[in-house]
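> Sharing a structure, written as structure tokens. Questions coming.
The values are calculated or read from the model by the stated rules, or taken from the named source; none is laboratory data. Only a predicted model underlies this, so the values are computations on that prediction, with no experimental measurement involved. Quick reminder, even Gly has a Cβ in these numbers, built from the backbone with ideal geometry, and neighbours come from all protein chains shown. The area values use the complete protein model at the heavy-atom level, side chains included, leaving out ligands, DNA and RNA. Shrake-Rupley method; radii C 1.70, N 1.55, O 1.52, S 1.80 Å.
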Amino acid sequence: MKREEIFETLEEILAEVLQKEVEIRPETTFEADLEVDSLKAMEILAAVEDRFDITVPINVLNEIKTVADFAEEIEKLLEEG
Amino acid sequence: MGIFDKFARLASQLEQVRAAFGGINVVIEKILSPTEAIVNGKKVILAGTNNYLGLTFDKECIEAACQAIREEGTGTTGSRMANGTYYSHVILERELSEFFDKKATIVFTTGYTANLAILSTLVGREDIVLLDADCHASIYDGTRLGGVPVYRFRHNDVEDLEKRLKRLREKQPQANILIVIEGLYSMLGDRAPLKEIVAVKERYGAYLLIDEAHSLGVLGERGRGLAEEAGVEDKVDFIVGTFSKSLASIGGYCTSDYEELDLLRYASRPYVFTASLSPANIAAARTALRIIRERPELKERLWQNALKLYGRLKEMGFELGPEPSPIVAVRFREPERALSVWKGLLEQGVYVNMVLPPATPDGSALLRASVSAAHRPEQIEAISEAFSSFSPA
Ligand SMILES: Cc1ncc(COP(=O)(O)O)c(C=O)c1O
């Protein structure tokens, strides 16, 4: 899956979970820009896992600040299979 | 940048709450009994403790603790691995093994350290932990200390657990996977669907650890917890718990049929690098453990009180946890509303726990009432009455 596709899917998921239109760029941050709290983060994580058919360890969440960070992690998990 | 600048947001939130509601920290000015105390100069009913069997002032427990202090002193001044293992620690471990009918038990200084010790040591970077999203902070913290990869599943959602388990198994067929859940969840008082979780665990060859902090002495015919109640004790690999709730002391334990559990004593930092339980705590816990066996009527009274309070609040239309239990959680959509009801209850002489997001499971605000075997019927009535003066929204 290409980076752009990952971004598009992420945008859809975020719109669903946050229940608002979101426009994301790679440098968009979850906390400051999108105001994602710990509960929303859990929902986003679950949706990402389902959509991409991966499991994301919560250990990486601390490192994920921006949409680009998240996309990179997803890409890595997809490659691992 | 000052060192406290990072708390600026917290400080301003606290300031707002203080301005609107006054103080929210309760000091028990004098504790009168398991169910009563003086707060703000006034006598209140304690309906927000974990004193499920009401043993904090039990004559036998007090006597045993006093005697232990006289005979063994006020503290051990050392780690379990050095000078802090007394004969009484060993006896308590033996008694817990007998109580649970397990082969090995380790006693820790608190329930928090028990989880910290087990989850940082039993599993490591090459293993996997799958935990219920509503698990206690001590469980999360333990996994962080040890660095095991952690995956969460939705609270009490067996289907969600299985989906993750399946993916992880396909990817890592050989990995040790440890599922971590609680017996009774501390905030909403709901049980884990243990039978179903055990079935899934068996199907995918995982291990299961259950934290019975709130279910020891509360669930199961002999008070051994949810695993006993659900009839699956032999399928649960590790049980963790605390002495700080139904046993009315302080301390924690892990018990298992794996004799190798003993190895953790040599490998686990939260076991080695803290002082061991004081003699008084041990004596109180041992006595309370015996009382669980000898006085089953305490558990009966606890459940009568639980059903009564749950039923009364339900009738009034409050939004409660999904099933009756000694933890009766009342949900409010707005934190401000929870705060004002909490304060109103206190003014009417009823203390309950207030739990605000992000500490709550689903982002709502909770007033967590909890009952004890020591509550008299008229106290349960008084608690209900106090709630009835508020509208349930
Ligand atoms: C589920 C659970 N595990 C562990 C603990 C920690 O127990 P302790 O108070 O003995 O540290 C608690 C209590 O706060 C708890 O609710």
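> Semi-axes of the protein assembly as shown's equivalent ellipsoid from the Cα gyration tensor, sqrt of 5 times each eigenvalue, largest first, rounded to whole Å?
37, 30, 21
> Of all the accessible heavy-atom surface of chain B, with the other protein chains kept in place and a 1.4 Å probe, what percent is carbon and sulfur?
For chain B, the apolar C and S fraction of the accessible surface comes to 53 percent.
> Could you list the residues of the stretch B:345-366 with an amide nitrogen less than 16 Å from a label point located 7 Å from the Cα of B:MET316 in the Cα-to-C-beta direction?
Zone members listed by number: B:345-354, B:366.
> If the viscosity is 0.890 mPa s and the temperature 25 °C, what Stokes-Einstein diffusion coefficient in µm²/s follows for the stretch B:64-201 when Rh is the Kirkwood radius over Cα pairs?
142
> Further question on the same structure: Could you calculate the FRET efficiency of B:GLU221 with A:MET1 from 1/(1 + (r/R0)^6), where r is the beta carbon distance between them and R0 is 51 Å, rounded to 0.05?
0.45
> Taking the stretch B:310-393, which GluC sites (Glu not before Pro) meet the DSSP loop condition and have no more than 16 other C-beta atoms within 10 Å?
Within the stretch B:310-393, the qualifying GluC sites (Glu not before Pro) (loop, at most 16 other Cβ atoms within 10 Å) are B:GLU319.
> Going out from 0 in 10 Å bins, what whole percent of all Cα-Cα distances in the stretch B:99-168 drops into each bin?
With a bin width of 10 Å, the distribution comes to 20, 41, 33, 6.
> Does a label point 7 Å from the Cα of B:ASN83, set along Cα-to-beta-carbon, have any residues of the stretch B:265-286 with amide nitrogen under 16 Å, and which are they?
Correct set: B:274-279.
> Given R₀ = 25 Å, what would the calculated FRET efficiency be for B:SER33 paired with B:SER340, taking r from the Cβ atoms and rounding to 0.05?
0.35
> Using helices alone, what [θ] at 222 nm do you get for the protein assembly as shown, with -39,500 (n - 2.57) per DSSP H run of 4 or more residues, divided over all residues and rounded to the nearest 500?
Calculated from helices alone, the mean residue ellipticity at 222 nm is -13500 deg cm²/dmol.
> While we're looking at this one, here's another question. What nm value, rounded to one decimal, do you get for the distance between B:GLU71 and B:ALA137 when each label is placed 7 Å out toward the C-beta?
The two pseudo-label positions are separated by 3.7 nm.
> Rolling a 1.4 Å sphere over the protein heavy atoms, what is the accessible area per residue of chain B, to the nearest Å²?
43
> Still on this structure: What does the convex hull of the alpha-carbon atoms of chain A project to on average, in nm²?
Average projection, Cα convex hull of chain A: 4.7 nm².
> Given the peptides B:116-124, B:145-153, B:172-180, arrange them by the average over their residues of other C-beta atoms within 10 Å, most packed first.
Going from most to least packed, we get B:116-124, B:145-153, B:172-180.
> Further question on the same structure: Which residue, B:THR255, B:THR74, B:THR105, tops the fluctuation ranking in a GNM of chain B built on C-alpha contacts under 10 Å?
So, out of B:THR255, B:THR74, B:THR105, the one fluctuating most is B:THR74.
> Over the Cα atoms of the stretch B:303-393, compute the convex hull volume and normalise it per residue, giving Å³.
83
> Return the sequence-ordered ³J(HN,Hα) values of the stretch B:379-389 in whole Hz as given by the Karplus equation 6.51 cos²θ - 1.76 cosθ + 1.60 applied to θ = phi - 60°, using x for Gly and Pro.
Once rounded to whole Hz, the list reads 6, 4, 4, 5, 5, 4, 4, 4, 5, 5, 7.
> Once R0 is set to 25 Å, what does the formula 1/(1 + (r/R0)^6) return for the Cβ-Cβ distance between A:GLU43 and B:PHE21, expressed as a FRET efficiency to the nearest 0.05?
0.25
> Would you tally the net charge around B:PRO270, using a Cβ to Cβ cut-off of less than 13 Å, leaving B:PRO270 out, and scoring K and R as +1, D and E as -1?
+3
> Continuing with the same structure: Would you tally the net charge around B:TYR204, using a Cβ to Cβ cut-off of less than 12 Å, leaving B:TYR204 out, and scoring K and R as +1, D and E as -1?
Value of the local net charge: +4.
> Taking beta carbons within 10 Å but only from partner chains, what does the mean come to for residues A:42-50?
Counting Cβ atoms of other protein chains within 10 Å of each residue's Cβ and averaging gives 3.
> A further question follows. Of the options A:ILE6, A:LEU77, A:ILE58, report the single residue whose Cα projects farthest towards the positive end of the charge dipole of the stretch A:3-80 (beta-carbon charges: Lys, Arg +1; Asp, Glu -1).
Positive-most Cα among the choices belongs to A:ILE58.
> Only Lys, Arg, Asp and Glu count, each charged at its Cβ (+1, +1, -1, -1), so figure out the dipole size of the stretch B:234-393 about its Cα centre, rounded to 20 debye.
Rounded to the nearest 20 debye, it is 320 debye.
> With bins 10 Å wide starting at 0, give me the P(r) of the stretch B:73-294 over every alpha carbon pair, in whole percents.
8, 36, 37, 15, 3, 0
> Once Rh for the stretch B:26-70 is found with the Kirkwood sum over Cα pairs, what is the Stokes-Einstein diffusion coefficient at 10 °C and 1.306 mPa s, in µm²/s?
Estimated diffusion coefficient is 136 µm²/s.
> Further question on the same structure: Which of the trypsin sites (Lys or Arg not before Pro) across the stretch B:70-145 are loop residues per DSSP, with 10 or fewer other Cβ within 10 Å?
Those satisfying the criteria are B:ARG125.
> Contour minus end-to-end for B:PHE7 and B:LYS166, with contour as 0.36 nm per residue of separation and end-to-end as the Cα-Cα distance?
In short, 53.1 nm is gained.
> How much of the DSSP bridge set in chain B is antiparallel, in percent, rounded to the nearest 5?
Among the beta bridges of chain B, antiparallel pairing accounts for roughly 60 percent.
> Which value, in square angstrom to the nearest 100, describes the accessible area buried between chains A and B on both sides, using a 1.4 angstrom probe?
1500
> Turning to a different aspect of this structure: Of all the Cα-Cα pairs you can form in the stretch B:187-267, what percent are over 20 Å apart?
Percent of Cα pairs beyond 20 Å in the stretch B:187-267: 36.
> Sticking with this structure for a sec: Using +1 on the beta carbon of Lys and Arg, -1 on that of Asp and Glu, and nothing else charged, what's the dipole of the protein assembly as shown about the Cα centre, debye to 20?
So the magnitude is around 1740 debye.
> For chain B, what D do you get in µm² per second when you plug the Kirkwood radius from alpha-carbon pairs into Stokes-Einstein at 10 °C and 1.306 mPa s?
So the translational diffusion coefficient is about 72 µm²/s.
> I need the shape label for the stretch B:312-362. Rule: rounded when a/c is under 1.5, else prolate if a/b > b/c, else oblate, with a, b, c from the alpha carbon gyration tensor.
oblate
> I want the antiparallel fraction of DSSP beta bridges within the protein assembly as shown, as a percent rounded to 5.
60
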